[in-house]
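J.: Sharing a structure with you now.
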Amino acid sequence: MKIYPEEIIDLRSDTVTLPTEEMLEAIRHAELGDDVFREDPTVNRLERLAAEKMGKEAALLVTSGTQANLISLMSNTKRGELVILEAESHIYWYEAGGVSMIAGLLPWPIESYSGAPSPQKVEEAIRPQNIHFPNPALICLENTHNRHGGTILRPDQIKAIKEVAKAHGLKLYLDGARIFNAAVALRIDVKEITRQVDNLMFCLSKSLCCPVGSLLVGTFEFIERARKFRKVLGGGMRQAGIIAAPGIVALETMIERLEEDHNNAKHLAQGISKLEGIRIDLKSVQTNIVCFDISGLGISDDMFLLKLKKQGILALTIGKSRIRMTTHKGIEKNHIEEAISAIESVKNDSM
Ligand SMILES: Cc1ncc(COP(=O)(O)O)c(C=O)c1O
């Protein structure tokens, strides 16, 4: 007996994207070597390309966004220090506490409206030198911001925090898992964002459609420290050119198309906003993530998701009555129409 339709429209995450034909070809023909010996020419090429694109000295390929964040925390601090981060940030919410368990840091969360903490609040969190307080070492930002619904931090907002960081001798790090979504939506060169931070990471494995991989980017010195910590964490890879090859294709060909995902997300958000019982803040839909509140429907998140799934639509819950949908390559306008109709029928069914 078939319960679910065969055609699934998967809006859970942009991580479900599959490599393109060109990426698979690039993997097939990649020149390989042992990357722990720094002898994989394809990895070396990707790292040079990433550093150039971000306007930094060097880059390092790592296995995942979570590993990139952890290595950056370790490379920017010493154990026992304090790291200031946004209260809804991925590092704080979704990385299994690695910030404390492995990096040995005290995370100090700051609340914000849309992912951009105010410079004043950041400054207040930097307490004076005192025997009772851990030394503050690092400020982390996230762009685009996942839990706030793909919201963007503009370069001027980051710059204001950079000035606070500089005044107090702290480092500024950016979790730029989806930094190209921000740059494309703002129609600016990504360097306008990256020049505001000391170092950052971005993911190949999300909207850019690669199967694996993230890149850390920063100074030569930072990347050398990071390379050592990557080894400590068991992330030193051998013929990693098979991961790097699609990464090069991604950086060369997959960035401009993100605008389609953003347009589809806006279309989805507008469709949803017309449905009674659902609340959505259209201002928060700035890139490829759409978050909305279903408390007016009188059903649980699990029931909502199950009813959608029966109609072939997959989504995620990110908190009580809060649903998240993400657009990505492979999701076309007709899929968005289908998703809106499915949500409408779940709503009609529930109210
Ligand atoms: C903002 C942000 N940072 C980090 C990560 C972690 O990436 P990964 O799933 O590759 O570990 C994610 C994943 O969704 C993310 O959204």
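J.: Once phi is turned into ³J(HN,Hα) by the Karplus curve 6.51 cos²θ - 1.76 cosθ + 1.60 with θ = phi - 60°, what whole-Hz value does each residue of segment 245-262 show in order, with x for glycine and proline?
T.: With the stated coefficients, segment 245-262 comes to 4, x, x, 5, 4, 4, 5, 8, 10, 9, 7, 4, 5, 4, 4, 4, 4, 5 Hz.
J.: Follow-up question, since we're still on this one. Compute the distribution of all C-alpha to C-alpha distances in segment 241-329, in bins of 5 Å from 0, and list the percent of pairs in each, rounded to whole numbers.
T.: The calculated distribution, bin by bin, is 3, 13, 19, 21, 16, 10, 8, 7, 3, 1, 0.
J.: Stretch ILE110-LEU316 to full length: gain in nm at 0.36 nm per residue minus the Cα-Cα span?
T.: Full extension from ILE110 to LEU316 adds 71.7 nm.
J.: On each of the three principal axes of the Cα atoms of segment 1-124, give max minus min coordinate, whole Å, ordered largest first.
T.: Between the extreme Cα coordinates on each principal axis of segment 1-124 lie 53, 52, 28 Å.
J.: For the chain, report the translational diffusion coefficient in µm²/s to the nearest whole number, using Stokes-Einstein at 10 °C, 1.306 mPa s, and a Kirkwood Rh over Cα pairs.
T.: 75 µm²/s
J.: A further question follows. Using the Cα centre of the chain as the reference point, and only Cβ charges (+1 on K/R, -1 on D/E), how large is the resulting charge dipole? Debye, rounded to the nearest 20.
T.: For this selection, approximately 760 debye.
J.: Count charges around ALA51 for me, please; just the other residues with Cβ under 12 Å from its Cβ, Lys/Arg as +1, Asp/Glu as -1.
T.: With Lys, Arg at +1 and Asp, Glu at -1, the net is +2.
J.: Something else now. Using a Förster distance of 30 angstrom, determine the FRET efficiency expected from the C-beta separation of LEU306 and ALA87, and round it to 0.05.
T.: 0.50
J.: GNM, the chain, Cα, under 10 Å: largest mean-square fluctuation among GLU21, GLU163, GLU259?
T.: It is GLU21.
J.: Arrange the following residues from fewest to most other Cβ atoms within 10 Å of their Cβ: VAL36, VAL83.
T.: Least crowded to most crowded, the residues run VAL36, VAL83.
J.: Compute the acute angle (0 to 90°) between the alpha-carbon long axis of helix 301-310 and the principal axis of greatest extent of the alpha-carbon atoms of the chain; round to the nearest 10°.
T.: It is inclined by approximately 70 degrees.
J.: Sticking with this structure for a sec: Note down the relative contact order for segment 48-173 as a percent, whole number, built from C-alpha pairs under 8 angstrom at least six residues apart.
T.: Dividing the mean separation by the residue count of segment 48-173 yields 24 percent.
J.: Pull up all non-local amide H partners of ALA240: gap of 5 or more, or a different chain, and H-to-H distance under 5 Å with H placed in the peptide plane.
T.: Long-range HN contacts for ALA240: GLY33, ASP35.
J.: With 30 Å as the limit, write out which pairs from LYS191/LYS320; LYS283/LYS333; LYS78/LYS121; LYS53/LYS320; LYS171/LYS206 have Cα-Cα distances beyond it, or answer none.
T.: In this structure, LYS191/LYS320; LYS53/LYS320 exceed 30 Å between Cα atoms.
J.: Which residue, GLY235, LEU316, ILE280, has the largest displacement toward the positive end of the dipole of segment 233-351 when charges sit on each Cβ (Lys, Arg +1; Asp, Glu -1)?
T.: The residue sitting farthest along the positive end of the dipole is GLY235.
J.: Would any residue of segment 184-214 have its amide N under 16 Å from a label point 7 Å out along Cα→Cβ of GLU252? List them or say none.
T.: Counting only backbone N, you get 210.
J.: Return a whole-number percent for the relative contact order of the chain, with Cα pairs under 8 Å and 6 or more residues apart as the contact set.
T.: The value is 25 percent.
J.: Which of MET325, MET54 has the fewest other C-beta atoms within 10 Å, and how do the rest follow up to the most?
T.: Lowest count first: MET54, MET325.
J.: Before anything else, pin down the relative contact order of segment 160-317: Cα pairs under 8 Å, at least 6 apart, normalised by residue count, whole percent.
T.: The value is 16 percent.
Each value in this text was obtained by applying a stated rule to the coordinates, not by laboratory testing. The structure displayed is predicted, hence computed values, not measured ones. Glycine also receives a Cβ, built like all others from the backbone with ideal geometry; neighbour counts cover every protein chain displayed.
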